[in-house]
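Structure record follows, encoded as structure tokens.
The values are calculated or read from the model by the stated rules, or taken from the named source; none is laboratory data. Since this is a predicted model, take the numbers as computed values, not measurements. FYI the Cβ positions are ideal-geometry reconstructions off the backbone, even for glycines, and counts take in every protein chain you see. The protein model used for the area step is the full one, side chains on, heavy atoms only, and it has no ligands, DNA or RNA in it. Shrake-Rupley method; radii C 1.70, N 1.55, O 1.52, S 1.80 Å.
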Amino acid sequence: LEKEDLIDKKIIWDDYIIYSDSEVDVIKNKILRGENERVEFKESLVWNHFQNKRDEAIIEKVIKEIAAFMNSKLGGSIYLGVKNDKTIVGLEKDFEEVNSQKGDSDGLDLFISDKIKNKLGSDSFNLYHIVHFIIDDKPICEIKVEPSRKPIFMDAEFY
């Protein structure tokens, strides 16, 4: 970051809690604190656990949340594979559904990146990154979203 960029950054102390624990323990603690204005949980990316089938409406909700974080002052994180009640459900079904050939986190990353590019445009490309973790023997994913300097639209809507 350039000096000017650092001056404009707001310090969010929750992002800089010092732990002697592993990175996984830090993520577990963030999940235990629950959702807030900078943290959102999504049970899956495309798999509807109630209907036991693929549901494209779920990815639309995830992309809307990404756009909203990009349009916020501070950005945020979306944890995929985590229910609203903080239960870790994992992403195994999503891995299979989004890329049956790969069936892993790489396939999920490609799918998410394609959806973001198609729905939010090229201005969104450098505003997120995807990190994978194993929590309680289940794969989850964090999409870390940075705020945009200009408005990001999805289907001509501002979130």
In the range 21-48, what residues are in contact (Cβ under 8 Å) with a residue 24 or more places away in the chain, closer than 26 Å to Leu120 by Cβ and not in a helix (DSSP H, G or I)?
-> Glu35, Glu37, Arg38, Val39, Glu40, Phe41, Lys42, Glu43, Ser44, Leu45, Val46, Trp47
Complete set of residues in the range 120-132 that are touching a helix residue (DSSP H, G or I) at 6+ places or on another chain (Cβ under 9 Å) and modelled with pLDDT under 95 = Asp123, Ser124, Phe125
Mind listing just one residue for me: the one in the range 121-136 that is farther than 17 Å from Gly103 by Cα and in contact (Cβ under 8 Å) with a residue 40 or more places away in the chain and, of those, most open to solvent (accessible area, probe 1.4 Å)?
-> Asp136
Any residue at all in the range 73-87 that is touching a Gly at 6+ places or on another chain (Cβ under 7 Å), modelled with pLDDT of 95 or more and crowded, with 18+ Cβ neighbours inside 10 Å?
-> yes
Please specify each residue of the range 79-134 satisfying the condition of being touching a strand residue (DSSP E or B) at 6+ places or on another chain (Cβ under 6 Å) and among the acidic types (Asp, Glu).
-> Asp94, Glu97, Asp109
Scanning the range 135-152 for residues that are of a type in the set (Val, Ile, Thr) and touching a helix residue (DSSP H, G or I) at 6+ places or on another chain (Cβ under 7 Å), the one farthest from Tyr79 (Cα to Cα) turns out to be Ile152
Within the range 137-159, which residues are open to solvent by less than 100 Å² (accessible area, probe 1.4 Å), part of a loop (DSSP other than H, G, I, E, B) and at negative phi?
-> Glu146, Pro147, Ser148, Pro151, Ile152, Tyr159
Somewhere in the range 53-68, is a residue assigned to a helix (DSSP H, G or I) and modelled with pLDDT under 95?
-> yes
Checked against (1) surrounded by fewer than 16 Cβ atoms within 10 Å (Cβ to Cβ); (2) within 28 Å of Glu157 (Cα to Cα), Asp106 satisfies every condition except (2)
Search the range 85-112 for residues that are at positive phi and pair each with any residue that is assigned to a helix (DSSP H, G or I) and aromatic (Phe, Trp, Tyr) when their beta-carbon atoms are under 7 Å apart and the residues are at least 6 apart or on different chains.
-> Gly103/Phe95
